[in-house]
Amino acid sequence: MKIIKSISEMQAFSCEARSTGETIGFVPTMGYLHEGHMSLAREAKAKNAKSVLSIFVNPTQFGPSEDFAAYPRDMDGDLEKCEKARVDAVFVPDAGEMYPDGFSTHVDVAGVTDVMEGIRRPGHFRGVATVVLKLFNAVMPDRAYFGQKDYQQTVVIRRMTRDLNLDMEVVVMPTVRDPDGLAMSSRNAYLSGPERAAAPVIYKALSEAGKLYNTGERSAGVIAAKVREVIGGEPMVNIEYAEVSDAETLAPLRQIQTGAVLAVAARIGKTRLIDNILL
Ligand code: AMP
């Protein structure tokens, strides 16, 4: 497994692979790897000649009062997991490599960022889209793998990929959950024992709302109210939003026809978690 720190070395690795007709599957991450990340890494390896995983805690996608400094990091553990998943190259640039002095170009994806996380985390998707495009230009993948867990992010990246003619495929993989339903997240490491015990209520609420949908309910208001009701029953968890949106455009829906996403953000103590299901 190669550990690559510079953009030029990353590009050289990818150019060499591509010159011999090898495909590259790429998994961008912020590290502190868990099974969710590794499911993407395994898929990248299974469907491509070479797999590349990046680890970069991107400062520009965190708001000033968010958890950039506290974000969990474990480079040695992450590299071990990558080795085990037979990742071919791990790209680990530092902030100076990604954002040298004078850096001043950004990617703003309009529309799909005007809802959900985009409203609550101003500037977040600008940071995400910019860093992901930079990572794409460093890794030059044929396919890039993202988790459904960050649903809005997948929509933003798909939009950017189409709008800017990127010659690559965006692949979205299902959310990997702990046995009690909690979506795996690096941020779960922040949860205290009692907070961790309360956290599965988020997926429980999504599942109960999903059952309503499966038994014929089509009112977005009724479905979102079910999520609020179930999460409201757990005093440690404070819901920020529960929204039903068109799965492609993320436009808020009143009536669900086909292709909707039910997305939730909630706070447990100081930890902010998101999750979603498709309806
Ligand atoms: P992050 O390190 O949180 O930026 O996530 C890197 C990638 O892993 C993103 O595409 C996430 O959507 C994906 N990911 C994070 N958690 C999960 C999960 N529980 N299941 C599947 N993919 C995930």
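The values are calculated or read from the model by the stated rules, or taken from the named source; none is laboratory data. Predicted model only: the values in this text are computed from it and were never measured. Note that we place each Cβ from the backbone using ideal geometry, even for glycine, and neighbour counts take in every protein chain shown. Protein only, heavy atoms only, side chains kept; ligands, DNA and RNA dropped before computing areas. Shrake-Rupley method; radii C 1.70, N 1.55, O 1.52, S 1.80 Å.
Restricting the first member to region 111-123 and to residues that are within 16 Å of residue 61 (Cα to Cα) and crowded, with 16+ Cβ neighbours inside 10 Å, and the second to residues that are hydroxyl-bearing (Ser, Thr, Tyr) and at pLDDT 95 or above, no beta-carbon pair is closer than 6 Å while six or more apart or on different chains. Just to be sure before I move on: is residue 96 on the phi > 0 side of the Ramachandran plot, free of Cβ contacts under 8 Å to residues at least 24 places away in the same chain and either β-branched (Val, Ile, Thr) or open to solvent by less than 80 Å² (accessible area, probe 1.4 Å) (or both) in the structure I sent? In short, no.
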